[in-house]
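The values are calculated or read from the model by the stated rules, or taken from the named source; none is laboratory data. Keep in mind that this is a model prediction, so the values were computed, not measured. Here the Cβ is made from the backbone with ideal geometry for all residues, glycine too, and neighbour counts use every protein chain on show.
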Amino acid sequence: MSKSLQAIRGMNDILPEQTPLWRHFEGTVARLLDNYGYKQIRMPIVEFTELFKRSIGEVTDIVEKEMYTFDDRNGDSLTLRPEGTAACVRAVLEHGITGGGQVQKLWYVGPMFRHERPQKGRYRQFHQIGLEVFNLDGPDIDAELIVLTWRLWGELGIRDAVKLELNSLGTSESRGRYREALVAFLSTHLDKLDEDSQRRLKTNPLRVLDTKNADTQAILTDAPKMADYLDEESRLHFEGLKARLDAVGIPYVINPKLVRGLDYYSKTVFEWVTDKLGAQGTVCAGGRYDGLVEQMGGKPTPGVGFAMGIERLVLMLETLEQIPEEISRQVDVYLCAFGEAAELAGLALAERVRDQLPNLRLQVNAGAGSFKSQFKKADKSGALYALILGDDEMAQQVVGFKPLRGQGEQQSIAWDALAAHLATCIVQG
Ligand code: ATP
Ligand code: MG
């Protein structure tokens, strides 16, 4: 017997029973971003490997061990995108749409790929919605990014379950001075650091702050704090951000150890975290990356953005049971027809009704079947009403209109009056 084919570990199908919640989530985000003036951009899923090495940084978990990299038939090294910012920056540079200081407020959605250990909330193909803003350097836009996610949590009904953590990494100069102080401090404790941190101390010392090792964390308690090394400009920027969050009433905690996994951040960094998902607690993360565009060959261009993990947020909606009732019902009306003549008339009638009520979710029975079997399917579909076309109805040019959820008796409705009748019975989204 041949081995049955399976999906790749950590790469999931999103089944029909799950997609309504995904669409609810994605639809809510898309509408909100439209309202805040963000425009969607779509980038390819595959890019030259070099792009990610240059933007994310060679000494990061992603580039060191998480990328899906392969040679294509031309011998070019390509990589399935592990995140969206790099490709987005490449795209705006390639098309010159941030030139001359043009502001761009962009968003994207799609699959990302990282070779990690699959577990709840952590997959090898996962989905993000990301935002990137170019050519705005003030704290007002950093605040807007946070304010709109705060609104999103409110609309989704999960606001009480997430917490905002903030930090500032300063400009590259002040971060440089801090890095020196941190390295000096950690070097005096070298033998007590875990192996990973010893290595990072040489390659990317700020990442030691990110360690999950308890002993190293204990040593870090007395380590120098970035806040004490912040330059005046970054300090004012951070104050400006906090003042705006206070003005809207968004609570936050300052987390001096928040450095983010990617190399390119500067000034503001933030994460929205939850304790509802176990170990995979970060649902949305981002920050400012004023040096990145230049590092990738463009003119100096301030940038700020974030990405949220759709799987984790959908899991949260499920865990907190924030699933709107209307998304579970996907059929309003189910049409049953008995015999070939009725089937033909039913099809034509359904199309006329759809012309008049374009938002009506009308399902026409397919596969014929007895009265009993069609009725069973109508009921199972979740429809509120069944329409019935049999010999009697055909003779009188009416349909039987039968409430399926216990509101009233069956009636006969003339074909010409059907759309108007449905319009009064069904509240359309
Ligand atoms: P983590 O610390 O959880 O690995 P990260 O810092 O690597 O996260 P980012 O690169 O900032 O994550 O991605 C932004 C968001 O994308 C994360 O906050 C998370 O919600 C989601 N995400 C990242 N990696 C995964 C993954 N492997 N599976 C599912 N979601 C993910
Ligand atoms: Mg990660």
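Below is a table of values for the structure above.
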read-out: Helices (runs of 4 or more DSSP H) contained entirely in the range 280-333, each with at least 2 residues that are more than 10 Å from ligand 1 (Cβ to nearest atom) and over 18 Å from the mean Cα position of the chain (by Cα); value: 292-295, 325-328
read-out: Residue among Leu169, Leu145 that is in contact with a strand residue (DSSP E or B) (Cβ under 7 Å, 6 or more places away or on another chain), closer than 27 Å to Lys39 by Cα and within 16 Å of ligand 1 (Cβ to nearest atom); value: Leu145
read-out: Selection count, the range 68-89, where residues are more than 12 Å from ligand 1 (Cβ to nearest atom), assigned to a loop (DSSP other than H, G, I, E, B) and under 30 Å from Lys105 (Cβ atoms); value: 0
read-out: Among the candidates Arg235, Arg288, Arg244, residue that is in contact with a strand residue (DSSP E or B) (Cβ under 7 Å, 6 or more places away or on another chain) and either at pLDDT below 95 or away from ligand 2 (no atom under 16 Å from the Cβ) (or both); value: Arg288
read-out: Selection count where residues are under 16 Å from Val109 (Cα atoms) and not in a helix (DSSP H, G or I), scope the range 20-36; value: 0
read-out: Every pair of residues 6+ apart whose Cβ atoms lie under 6 Å, when the first sits in the range 382-398 and is at positive phi while the second is modelled with pLDDT of 95 or more; value: Gln397/Trp415
read-out: Residue that is surrounded by the fewest Cβ atoms within 10 Å (Cβ to Cβ), among those in the range 60-113 that are basic (Lys, Arg) and in contact (Cβ under 8 Å) with a residue 24 or more places away in the chain; value: Lys65
read-out: Helices (runs of 4 or more DSSP H) contained entirely in the range 137-242, each with at least 2 residues that are polar (S, T, N, Q) and either surrounded by fewer than 17 Cβ atoms within 10 Å (Cβ to Cβ) or without any contact (Cβ under 8 Å) to a residue 60 or more places away in the chain (or both); value: 172-187, 195-203, 214-220
read-out: Filtered residue count, the range 37-54, keeping only those that are more than 16 Å from ligand 2 (Cβ to nearest atom), part of a helix (DSSP H, G or I) and touching a residue at least 12 places away in the same chain (Cβ under 8 Å); value: 4
